[in-house]
Structure formats: structure tokens, C-alpha cells
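What follows is a set of notes on a single structure, which appears directly below.
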Amino acid sequence: MPPKLVVQGLSHHYPDEYTGEDVHALDNVSLDVEEGVFAAVVGPSGCGKTTLLNILAGLLPYHKGHVKVDGVDVKGPSPDRGVVFQEHAILPWRTVARNIGHGLEIQGMPGPERSTRTQEFIDLVNLTGFEDRYPHELSGGMKQRVALARTLCANPVVMLMDEPFAAVDAQTRITLQEELNRIAMATKKTTLLITHNVDEAAFLGDKCFVFTRRPGKLKATVSIDIPRDKRIWQDLLHDPEFVAKRDEILTLVREEVSPHGDD
Amino acid sequence: MATTSPSLSPRPRPVPSARWRRFTKGGGAELLILLVGIIVLWSTISSLIPNPSRYLPAPLTVIFSSSDMLWKGLLPNYVGQTIWRLVLGSILGLLVGIPFGILLGLNRTVSDMFYPILNFFQSISGIAILPIIVVWWGNSEQTVFTVILYTALFPIAFNVLAGVRGIPIIYINVMRSLGASNMRIIRDVIIPGAMPNIATGARLGIGFAWRAVIAGEMLVGKRGLGWMIFTAQDTDHTDQVILGMVMIGTIWILIDRFALRPIEADTIQRWGLVQR
């Protein structure tokens with residue numbers, strides 16, 4: 001079976017917004033994500049991770065290479081690629097249920113069917129009882145769960161996530177990571193997660209793509225074969241296999257971080 | 001609290017005291033004192049100046065000498081006429097101003113093209129374009145409506161434009177990756193996202209329109225409050241002039257309190273968009 005998501009020889013550069021200098025963001029990137037696989041992309045800041053995600057989402061046209069989802073070239077945004085952004089980006093004027101069911105509404109699914117399916121995903125992300133709340137009544141973690149449920153509910157072929165837990169506090173982040181693991185186990189959704197957090201990549205990924213600093217190239221692919229039902233933070237922190245994988249990724253990433261900090 | 005044992009303390013009388021507290025806290029008491037003060041001051045000045053019926057009739061005189069207008073049904077008739085003009089003119093202003101503002105907000109080319117022209121016309125007040133409109137359409141209702149529409153249009157369009165520009169691009173990106181069409185994005189994101197500014201624009205625009213109605217009626221209208229105070233001055237009925245002014249201010253406060261603000265509260269506050 002061909003991979004769900006294929007990136008071949010992708011390069012991208014763009015003029016910097018302020019200086020006008022040509023920024024070489026991605027250089028000859030090739031990677032595959034097979035059906036049902038949860039892949040993480042990790043790399044130092046400014047390595048073109050977000051550029052990659054925007055290209056995959058179809059929000060950014062690319063110059064060189066191929067991007068295919070289910071064998072079809074990516075040309076612009078489409079519901080076959082669901083995106084969860086760093087800022088939750090749920091609509092403040094819609095209730096939790098209306099946000100989560102928005103994709104189905106756009107697809108034209110009739111009301112009764114839509115509410116049944118929406119409810120499934122509300123339950124999946126543990127927001128039962130909050131259906132009629134507005135986003136400003138929710139915590140940051142809950143908002144991000146709404147965004148996740150909205151994307152999954154629309155049933156995309158692949159789910160793209162851009163630093164989805166970067167904006168929440170450390171405790172919430174751990175809970176959300178464990179929940180995302182549980183959801184990945186339940187839905188087996190093909191996923192590409194962009195993150196700068198090595199722990200997060202190792203915890204959630206079936207495989208982990210490590211990027212070099214700019215221009216971003218694929219540096220290494222690390223497979224993590226820990227079964228999903230064993231992925232619980234308290235246990236993994238002392239699991240030699242997890243610790244070894246995490247350290248391997250960490251070393252690869254640290255080699256790329258400029259000694260002066262941000263580059 | 002419903003669960004508190006009744007024997008613990010003498011129960012206060014909640015209803016009148018709570019209502020009184022809300023009245024005083026909401027500024028009701030201050031307003032009442034202020035109003036009484038103004039009326040007392042006004043009566044005093046009237047009683048001290050020569051020929052008050054020409055220069056400043058006392059509050060009671062205004063009410064009594066204007067009462068024949070009330071009995072004859074003239075005042076309700078004028079008020080109705082003026083409000084009808086405001087309502088129709090404002091609806092026209094919203095129907096033109098909101099789509100126009102959205103178009104300007106969405107398209108840089110269109111807004112760059114129109115902005116200087118809009119800015120130019122914004123400086124020409126409704127009353128300043130009235131003469132040319134009279135030349136075109138004479139002393140007709142059409143003339144009054146045109147001036148109201150013209151006046152309401154700018155604050156509405158400019159505010160909607162700012163509102164549309166302020167919508168985070170990420171909302172639009174999310175909608176596009178959910179497969180939304182442009183029309184769907186306008187309906188589900190642009191219009192609700194610009195709602196705080198649409199409400200502000202509507203309130204400002206209708207406020208300006210209210211002044212424009214009065215001014216328009218003075219010069220071209222038949223009947224209406226503006227026409228009333230203008231002709232009252234001509235016929236030396238200062239009491240009617242003052243009555244008209246009081247009516248204009250009072251009606252506006254009622255429109256704002258009971259028609260415009262509830263719209264704001266019902267949408268924007270419920271969505272948590274006004275915490276800034």
C-alpha cells in the first residue's frame with residue numbers, strides 16, 4: 001500500500017518580510033507517512049517546520065518537488081488535510097458543539113446525522129457537558145481539545161498539527177499529550193505533528209523526522225516502537241527504551257542548535 | 001441563600017432593597033438628582049429673565065403651552081414621521097454600508113482605490129451635500145433619505161472595514177482547510193468576526209443619521225421634529241422649540257438604550273469579544 005503522505009525533493013524559499021533577503025527554508029526534503037502512522041517532525045527553531053506544514057496544508061505554494069496525499073498532488077487547502085494550529089483558532093462566536101461540527105456542516109451533512117457524529121468527538125476529547133459553552137468560557141487546554149476534535153470530526157485523510165500544545169502550561173501539556181496518544185490509539189489517524197519539543201516527539205511519534213537548521217533538510221528518521229497503551233508519562237520516564245530514543249533525538253537536535261541560542 | 005436556616009438572622013426584605021441598591025448603583029439616583037437640579041436651575045433662570053416666553057420658557061410652561069400640540073395629535077405625528085425617516089434611512093445605510101465595508105476589508109486593491117474618495121466625501125457633511133440633492137430631487141422624501149443614507153454610510157463602512165481587517169488570518173486558514181467556500185467564509189467568519197465593529201459602526205452611523213434627519217427636516221422636510229422646531233422659531237413659539245429639542249435627545253437615548261445596545265449585548269458579550 002502506498003504511503004498516505006508523500007513528500008519528494010521539496011525545496012522552498014521566500015523573501016523575508018522585513019529585510020527582503022531570500023530565505024532558504026527547505027532544501028530537498030523527502031519523507032513518507034504510511035497509513036495509520038503518527039509521525040513527528042522535530043528540529044531547531046527556524047528550521048522550516050512551519051513552512052513545511054503550511055505547504056502540506058496547501059496554504060503556501062511550493063517551488064520545487066512533489067507533495068502528494070493519497071496519491072494526489074497538493075494544490076491548495078482541502079478537507080482531506082485537517083490542520084490543528086498552534087493557536088487554537090476556534091471561532092469565538094460558535095459553541096463547542098458548533099465548532100466541532102463545523103467541518104461536517106461545510107460538507108453538507110444533514111443535522112441529525114451531524115449531531116450524532118459531533119457528539120462522538122465531543123465525548124472523545126472529554127468535553128461532554130460543555131457542548132453549549134462558548135470558547136471564552138473554556139481553559140486553554142479545553143480550547144485546544146475543541147480544535148483537535150473539530151479536525152478529527154471532519155474525517156481528513158491525514159491530520160497535520162503545528163505545535164498544538166506550545167501555548168498551554170506544562171501540566172496541561174502533559175495531559176493533552178497523553179490524551180492525544182489515547183485518541184491516536186482510538187482513531188489510528190495518519191498524523192504529522194510539528195514540534196520543537198523532543199519529549200513530545202518521542203512520546204507521541206511512531207517515527208520521528210529530525211530536521212537540520214535552516215535550510216531545513218531531513219537529517220535522520222528515528223523509529224519508536226513503544227506500544228501506544230504503554231505510553232504514559234510516569235512509566236516512560238524510567239523506561240530505558242524511551243529514554244534511549246529520546247536521548248538519540250535530543251542529541252541529533254542539539255547538534256543543530258546554534259551555540260548562540262536563536263539563529 | 002435558599003438553604004440558610006431562617007432562625008439565624010432576621011431576614012432582610014430583599015426585593016425593594018435590592019432594587020433600590022441596583023437603582024442607586026446603576027447611577028439612577030445620581031441621574032434623578034441631576035435632572036431635578038437642571039429643572040430647578042432652568043425654572044429659576046426663567047423666572048429671573050425678562051420676557052421668558054420668548055427667550056427661555058420655564059419647564060412647566062413648555063409642558064402646558066405645548067399640550068395643545070399633544071391633544072391635537074401633532075406631536076405624535078411629527079415624532080412618528082421623524083422616527084420613520086430614521087429607521088428607513090438607517091436600514092438603507094446598513095444595507096449599503098455593511099457589504100461595502102466587507103468588500104473594502106477583503107480586497108486591498110478595491111480599498112486602495114476607494115479610500116481617498118471615501119475620505120474626501122467623509123469631510124463633506126450631510127448638510128453640505130443637501131443643496132445639490134435638493135437641486136436634483138427637490139423638497140421630497142427622497143432628498144431626506146439620501147442625506148440620511150449618505151451620513152450613515154461612512155461610519156458604518158469604515159468601521160466594518162476595520163473589523164474585517166482585524167480578523168485573524170488563522171480563522172480563514174482553518175476554514176479553508178475544512179473545505180469552506182468563500183461565501184461560507186464570509187458568512188461564518190467575516191461577518192461574525194466583524195460584528196463588534198459592525199455594532200459600533202451601526203451605533204455611530206445611526207447616531208449621525210439621527211442628527212441628519214433633524215437637519216434635513218429643517219431645510220426640506222414636511223412635518224417631523226426638525227421641521228417643527230424650525231417653524232416654531234419662525235412663529236415665535238420658543239416653548240415648542242424647546243419641547244422639540246427635549247424630544248430629540250430623549251428619543252435618541254431610548255433608541256440607544258432599547259434598540260442598539262441590546263443588539264451589542266446579545267451577540268458580542270455572549271461571545272466574549274468585548275473583554276479588551
Residues (more than 7 Å from chain B (Cβ to nearest Cβ) and either under 18 Å from B:D266 (Cα atoms) or free of Cβ contacts under 8 Å to residues at least 60 places away in the same chain (or both)) located in the stretch A:90-105: A:R94, A:T95, A:V96, A:A97, A:R98, A:N99, A:I100, A:G101, A:L104, A:E105
Condition check for A:F121: of a type in the set (A, V, I, L, M, F, W, C), buried (at least 24 other Cβ atoms within 10 Å of the Cβ) and part of a loop (DSSP other than H, G, I, E, B): no
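Rundown of residues vs (1) among the aromatic types (F, W, Y); (2) in a helix (DSSP H, G or I); (3) crowded, with 18+ Cβ neighbours inside 10 Å, yes/no style:
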site	(1), (2), (3)
A:A166	no, no, no
A:T172	no, yes, no
A:M185	no, yes, no
A:T221	no, no, no
A:Q234	no, yes, no
A:R246	no, yes, yes
For the stretch B:190-268, which helices (runs of 4 or more DSSP H) that fit wholly inside it have 3 or more residues that are free of Cβ contacts under 8 Å to residues at least 40 places away in the same chain, farther than 22 Å from B:A152 by Cα and not acidic (D, E)? B:225-234
Restricting to the stretch A:73-87, name every residue that is within 14 Å of B:M175 (Cβ to Cβ) and in a loop (DSSP other than H, G, I, E, B). A:G76, A:P77, A:S78, A:P79, A:F85
Inside the stretch A:149-164, the number of residues satisfying the requirement of being within 12 Å of another protein chain (Cβ to nearest Cβ), part of a helix (DSSP H, G or I) and farther than 17 Å from A:G36 by Cα is 1
Among the residues of the stretch B:218-247, write down those that are surrounded by fewer than 24 Cβ atoms within 10 Å (Cβ to Cβ) and touching a Lys or Arg at 6+ places or on another chain (Cβ under 9 Å). B:D236, B:T238
Go through (1) at pLDDT 95 or above; (2) more than 19 Å from the chain's Cα centre (by Cα); (3) of a type in the set (S, T, Y) and name the single condition A:S258 misses. (1)
In the stretch A:220-249, anything over 19 Å from the mean Cα position of the chain (by Cα) and under 20 Å from A:K49 (Cα atoms) is listed as A:E248
Select from the stretch B:177-211 the residues that are facing chain A (nearest Cβ under 10 Å) and within 21 Å of B:P155 (Cβ to Cβ) and list them in ascending order. B:I191, B:P192, B:G193, B:M195
Just for the stretch A:34-48: of the residues that are more than 10 Å from the chain's Cα centre (by Cα) and buried (at least 24 other Cβ atoms within 10 Å of the Cβ), which one is modelled with the highest pLDDT? A:V42
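Helices (runs of 4 or more DSSP H) wholly in the stretch B:27-122 with at least 2 residues that are within 30 Å of B:I191 (Cβ to Cβ) and in contact (Cβ under 8 Å) with a residue 24 or more places away in the chain - which ones?
By residue number, B:74-106, B:108-122.
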Return the total of residues in the stretch B:141-174 being within 14 Å of chain A (Cβ to nearest Cβ) and either at pLDDT below 90 or not in a helix (DSSP H, G or I) (or both). 3
Answer yes if at least one residue in the stretch A:128-142 is crowded, with 22+ Cβ neighbours inside 10 Å, small (G, A, S) and either touching a residue at least 12 places away in the same chain (Cβ under 8 Å) or touching a Pro at 6+ places or on another chain (Cβ under 6 Å) (or both), and no otherwise. no
Filter the stretch A:52-72 for residues that are away from chain B (no Cβ under 14 Å) and either under 26 Å from A:E120 (Cβ atoms) or in a helix (DSSP H, G or I) (or both); which is nearest to the chain's Cα centre (by Cα)? A:L52
Residue under question is A:V146, and the condition is that it be surrounded by fewer than 21 Cβ atoms within 10 Å (Cβ to Cβ), touching a residue at least 40 places away in the same chain (Cβ under 8 Å), among the β-branched types (V, I, T) and within 14 Å of another protein chain (Cβ to nearest Cβ); does it hold? no
Scan the stretch A:251-263 and give yes if some residue there is of a type outside the set (S, T, Y) and within 19 Å of A:M161 (Cα to Cα), otherwise no. no
Can you tell me which residue among B:G89, B:G105 is more than 29 Å from B:M245 (Cα to Cα) and buried (at least 18 other Cβ atoms within 10 Å of the Cβ)? B:G105
Evaluate the following for A:T191: is it within 17 Å of A:Q86 (Cα to Cα), among the hydroxyl-bearing types (S, T, Y) and not in a helix (DSSP H, G or I)? yes
Any residue in the stretch A:95-111 that is among the acidic types (D, E) and surrounded by fewer than 18 Cβ atoms within 10 Å (Cβ to Cβ)? no
Kindly indicate which of A:E87, A:E113 is within 17 Å of the chain's Cα centre (by Cα), farther than 17 Å from A:V158 by Cβ and either within 11 Å of chain B (Cβ to nearest Cβ) or not hydrophobic (A, V, I, L, M, F, W, C) (or both). A:E87
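The values are calculated or read from the model by the stated rules, or taken from the named source; none is laboratory data. Everything numeric in this text was worked out from a predicted model, so none of it was measured. Using ideal geometry, Cβ is built from the backbone for each residue, glycine included, and neighbour counts are taken over all protein chains shown.
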